[in-house]
Amino acid sequence: MLHLTFRQLSVFEAVSRNLSFSRAAQELHLTQPAVSMQIKQLEENVGTSLFEQLGKKIYLTEAGHELYHYSRVIAQQLNEAEAVLSELKGLKRGKLKISVASTANYFAPQLLATFTQRFPTVTVSLDVTNRQALLLQLANNEMDMAVMGQPPDGLNLVAESFMENPLVVIAPVHHALTRKKAIPLARLADETFLMREEGSGTRIAMERYFETHGIKIQSGMEMSSTEAIKQAVQAGLGLGVVSLNTVELELEAKRLKVLDVEGLPIRRHWYIVHRKDKRLSASAQAFKNFLLDEAATLMGAART
Ligand code: PGA
């Protein structure tokens, strides 16, 4: 039977995550000697050393790595318990932690604005990142829910689609192809495409689509945001594939055009995704229901 306290475990979790006694101390509002003392007592309690020091850096020992894994799971479970209890106590100080794929950044804040008007006591934190980082966050149970394009197979996730996410080819307004109707897909092989970064869902979907249709596109510059792609297309650096949700303003202002290509848009959806083992808090459940029931209508998009 291990003799350790939650306090020691949470100090240990912070030191391990930061790999620094001083950063952990800052985070926990403790002095550094207080942190060292907790770790020393913990090491005595478990009967083995958890860190080793090489030069100025500290590293987890093998035992430290093992305990770190459990300390994170326990910390997350305690957070969930805290959220559930505070809602049961009627405190309604709900917290909602969501992460969205960078492309979803074009509509997520607008939806959150309506949601928080309706649930003003819920504090929302929003992280914007790409698909690959989202999958890692889900695997580590670091947030309540994620909004992403195609959810992965094989992970233990619940994913429900709430809105269409059509991918279109954009071109500068004076590009010769903007005057053509029903452009054959194969014609795009003559054009250079600006590419999103590795790990982007848009990029994966685009590459897969061209590949299944036997088209070899020419890739030009690689850029890590839709915003950069839109600017580069306007500047004439090539064509781009982006979600239609992200170019409304440019289309309206006639700064970009969507090409009329046979078979396009690439049909995709936005999904609200969470781990199957996640006990959704009332705020998380309310947000999920809100997306499923109203997001598409609010954004003027199709549901399926
Ligand atoms: P992303 O978008 O390209 O910003 O990662 C996510 C997705 O469409 O899957």
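The values are calculated or read from the model by the stated rules, or taken from the named source; none is laboratory data. Computed from a prediction, not measured in an experiment: that's the story for all the values here. A quick note on method: Cβ atoms are made from the backbone with ideal geometry, for glycine too, and the neighbour counts reach across all protein chains shown. Surface accessibility is based on the protein's heavy atoms, side chains included, excluding ligands, DNA and RNA. Shrake-Rupley method; radii C 1.70, N 1.55, O 1.52, S 1.80 Å.
How many of the residues in segment 154-176 are open to solvent by 10 Å² or more (accessible area, probe 1.4 Å), within 14 Å of the ligand (Cβ to nearest atom) and of a type outside the set (A, V, I, L, M)?
3
Might you check whether a residue that is hydroxyl-bearing (S, T, Y), surrounded by fewer than 13 Cβ atoms within 10 Å (Cβ to Cβ) and out of contact with any His (no Cβ under 9 Å at 6 or more places or on another chain) occurs anywhere in segment 193-201? Walk me through it before giving the result.
Pass one, segment 193-201, residues hydroxyl-bearing (S, T, Y): 200.
Restricting the remaining residues to those that are surrounded by fewer than 13 Cβ atoms within 10 Å (Cβ to Cβ) gives none.
Looking for residues that are hydroxyl-bearing (S, T, Y), surrounded by fewer than 13 Cβ atoms within 10 Å (Cβ to Cβ) and out of contact with any His (no Cβ under 9 Å at 6 or more places or on another chain), one finds none in segment 193-201, hence no.
Pairs, please: C-beta under 7 Å, at least 6 apart or cross-chain, first residue more than 17 Å from A101 (Cβ to Cβ) and more than 16 Å from the ligand (Cβ to nearest atom) and in segment 114-133, second aromatic (F, W, Y) and in a helix (DSSP H, G or I)?
F115/F287; F115/F290
A quick yes/no check of all residues on (1) of a type outside the set (A, V, I, L, M); (2) surrounded by fewer than 16 Cβ atoms within 10 Å (Cβ to Cβ):
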{"site": "S243", "(1), (2)": "yes, no"}
{"site": "K278", "(1), (2)": "yes, no"}
{"site": "L292", "(1), (2)": "no, yes"}
{"site": "M299", "(1), (2)": "no, no"}
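Being at pLDDT below 90, among the aliphatic types (A, V, I, L, M) and more than 30 Å from T5 (Cβ to Cβ) narrows it down to one residue among V122, V84, V100; which is it?
Values: V84 fails: more than 30 Å from T5 (Cβ to Cβ); V100 fails: at pLDDT below 90.
Answer to the selection: V122.
Quick check on R196: is it in contact with a strand residue (DSSP E or B) (Cβ under 9 Å, 6 or more places away or on another chain) and either in the same structural domain as F107 (by TED's automatic domain parsing) or without any contact (Cβ under 8 Å) to a residue 24 or more places away in the chain (or both)?
So R196 does not fit the description; no.
Taking the condition of being open to solvent by less than 20 Å² (accessible area, probe 1.4 Å) and closer than 30 Å to M223 by Cα, how many residues in segment 90-99 meet it?
Result for segment 90-99: 2.
Has segment 189-202 got at least one residue that is more than 16 Å from I170 (Cα to Cα), out of contact with any Cys (no Cβ under 6 Å at 6 or more places or on another chain) and part of a helix (DSSP H, G or I)? Before the answer, list the steps.
If we filter segment 189-202 for residues that are more than 16 Å from I170 (Cα to Cα), which is where we start, we get 197-201.
Now narrow it down to the ones that are out of contact with any Cys (no Cβ under 6 Å at 6 or more places or on another chain): 197-201.
From what's left, part of a helix (DSSP H, G or I): 201.
The answer is yes; a qualifying residue exists.
Mind listing just one residue for me: the one in segment 153-211 that is in contact with a Phe, Trp or Tyr (Cβ under 9 Å, 6 or more places away or on another chain) and among the charged types (D, E, K, R) and, of those, nearest to R267 (Cα to Cα)?
The qualifying residue nearest to R267 (Cα to Cα) is E164.
Of everything in segment 100-133, what is more than 21 Å from A301 (Cβ to Cβ) and either surrounded by 14 or more Cβ atoms within 10 Å (Cβ to Cβ) or hydroxyl-bearing (S, T, Y) (or both)? Give them in sequence order.
Residues of segment 100-133 more than 21 Å from A301 (Cβ to Cβ): 119-125, 127, 129-130, 132-133.
Selection gives F119, T121, V122, T123, V124, S125, D127, T129, N130, Q132, A133.
Look through E52, E44 and report the one residue that is free of Cβ contacts under 8 Å to residues at least 60 places away in the same chain, part of a helix (DSSP H, G or I) and open to solvent by 40 Å² or more (accessible area, probe 1.4 Å). If you could, list the steps in order and put the result at the bottom.
Details: E52 fails: part of a helix (DSSP H, G or I).
Of the residues listed, the single one that is free of Cβ contacts under 8 Å to residues at least 60 places away in the same chain, part of a helix (DSSP H, G or I) and open to solvent by 40 Å² or more (accessible area, probe 1.4 Å) is E44.
If I ask for residues that are free of Cβ contacts under 8 Å to residues at least 24 places away in the same chain and either among the polar types (S, T, N, Q) or touching a strand residue (DSSP E or B) at 6+ places or on another chain (Cβ under 7 Å) (or both), which ones from segment 204-233 would you list?
Scanning segment 204-233 gives T212, Q231.
Would you mind stating whether H213 is away from the ligand (no atom under 16 Å from the Cβ), over 17 Å from the mean Cα position of the chain (by Cα) and surrounded by fewer than 16 Cβ atoms within 10 Å (Cβ to Cβ)? Please lay out each step first, then the result.
Values: away from the ligand (no atom under 16 Å from the Cβ): yes; over 17 Å from the mean Cα position of the chain (by Cα): yes; surrounded by fewer than 16 Cβ atoms within 10 Å (Cβ to Cβ): yes.
Yes: the conditions hold for H213.
Quick one: in segment 134-153, which of the residues that are within 15 Å of the ligand (Cβ to nearest atom) and in a loop (DSSP other than H, G, I, E, B) is most open to solvent (accessible area, probe 1.4 Å)?
Step by step, filter segment 134-153, then rank; the result is D153.
If you go through segment 256-277 one residue at a time, do you hit one that is free of Cβ contacts under 8 Å to residues at least 60 places away in the same chain, farther than 15 Å from F107 by Cα, touching a helix residue (DSSP H, G or I) at 6+ places or on another chain (Cβ under 6 Å) and not in a loop (DSSP other than H, G, I, E, B)?
no
Taking the conditions exactly as written (farther than 30 Å from P166 by Cα and either assigned to a strand (DSSP E or B) or open to solvent by less than 40 Å² (accessible area, probe 1.4 Å) (or both)), does A24 satisfy them or not? Give the derivation first.
Numbers: farther than 30 Å from P166 by Cα: yes; either assigned to a strand (DSSP E or B) or open to solvent by less than 40 Å² (accessible area, probe 1.4 Å) (or both): yes.
Spelling it out, A24 is indeed farther than 30 Å from P166 by Cα and either assigned to a strand (DSSP E or B) or open to solvent by less than 40 Å² (accessible area, probe 1.4 Å) (or both).
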